[in-house]
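See below for the structure under consideration.
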Amino acid sequence: MDKGRILILGGTTEARDLAARLARRADLDVTLSLAGRTLDPAPQPVPVRSGGFGGVEGLAAYLHEEAVDLLIDATHPFARQISANARAASHAAGIPLLRLERLGWEETQGDRWTRVASIAGAVAALGEEPRRVFLAIGRQEAKAFDAAPQHHYLVRSVDPVTPPLDAPDVEYLLARGPFAVEAEVELLQDRRIEVIVSKNSGGEATQGKIVAARILGLPVVLVERAAADDGHRAGTVGEALRLADHLLGAFRKRGV
């Protein structure tokens, strides 16, 4: 029996969980693609391809050469370029695409959120008055905050920020989630943080800082996601499993 071939574009907890559950199936051949940006990635349950594809054309060529039946985009909710490439490549290769994107956090009583549409908007939202800022947005866009050098920044990331910020008052904290709420409360208090900047990434691994801010009554500048594109979408791993079966079945019935 020919196995269904699935390529997962990963880098998230959901991608790893989905790959682990699909790997149990004898009728599927699953490969997980990682961008290679993390220096020490977590172990994965299926064969891993590391590094970029070379844009849309490279990804489409890979899908064709490897006879992939289903492309699953389970990248970070803010990995917009990768997701755009996945949509274009799946269309070019003539195979279905499933987007697994975890749900964002919902504002509840006690939250003090300022919602912005971009990192530049987050920089502006901090204001002119110097503040002690916890930057919990990863390392790739931290440099944008050089535009507001009056603040003290605590920057947390999995890997070092390179190049480091030019702002004069910056601390760096290397850490990998999940982060417990109690530990986040302690961190915010010890560092005398006055405001948190975060992306609305959703999920439990990094939600601790949001809950900690609520407990301490701290404001959060939250970068929201871009509007969702049309297509096959799942908000949970379970939903993605059901949709994957449906899409694989429909694709094979077409005789492609």
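A few notes on this one:
- Within the stretch 158-179, if we keep just the residues that are of a type in the set (Gly, Ala, Ser) and within 19 Å of the chain's Cα centre (by Cα), the residue that is modelled with the lowest pLDDT turns out to be 177.
- Filtering 192, 214 for residues that are more than 30 Å from residue 90 (Cβ to Cβ) and either open to solvent by less than 20 Å² (accessible area, probe 1.4 Å) or part of a loop (DSSP other than H, G, I, E, B) (or both) leaves a single hit, 192.
- Residue in the stretch 222-241 that is over 21 Å from residue 73 (Cβ atoms), open to solvent by 10 Å² or more (accessible area, probe 1.4 Å), modelled with pLDDT of 95 or more and of a type in the set (A, V, I, L, M) present: no
- Being in contact (Cβ under 8 Å) with a residue 60 or more places away in the chain, surrounded by fewer than 17 Cβ atoms within 10 Å (Cβ to Cβ) and within 23 Å of residue 237 (Cβ to Cβ) holds for only one residue in 25, 87, 80, and it is 80.
- As a summary of the residue check, residue 198 satisfies the conditions (1) open to solvent by 10 Å² or more (accessible area, probe 1.4 Å); (2) under 16 Å from the mean Cα position of the chain (by Cα); (3) within 16 Å of residue 107 (Cβ to Cβ); (4) not aliphatic (A, V, I, L, M) except for the one numbered (1).
- A search for C-beta distances below 7 Å between a residue of the stretch 115-139 that is over 14 Å from residue 78 (Cβ atoms) and any residue that is hydroxyl-bearing (Ser, Thr, Tyr), counting only pairs 6+ apart in sequence or on different chains, returns 125/114; 133/153; 135/153.
The values are calculated or read from the model by the stated rules, or taken from the named source; none is laboratory data. From a predicted model like this one, the values you see are computed outputs, not experimental measurements. In this analysis, Cβ positions are derived from the backbone assuming ideal geometry, glycine residues included, and neighbour counts consider all displayed protein chains. When the accessible area is computed, the model is the full protein with side chains, heavy atoms only, and any ligands, DNA or RNA have been set aside. Shrake-Rupley method; radii C 1.70, N 1.55, O 1.52, S 1.80 Å.
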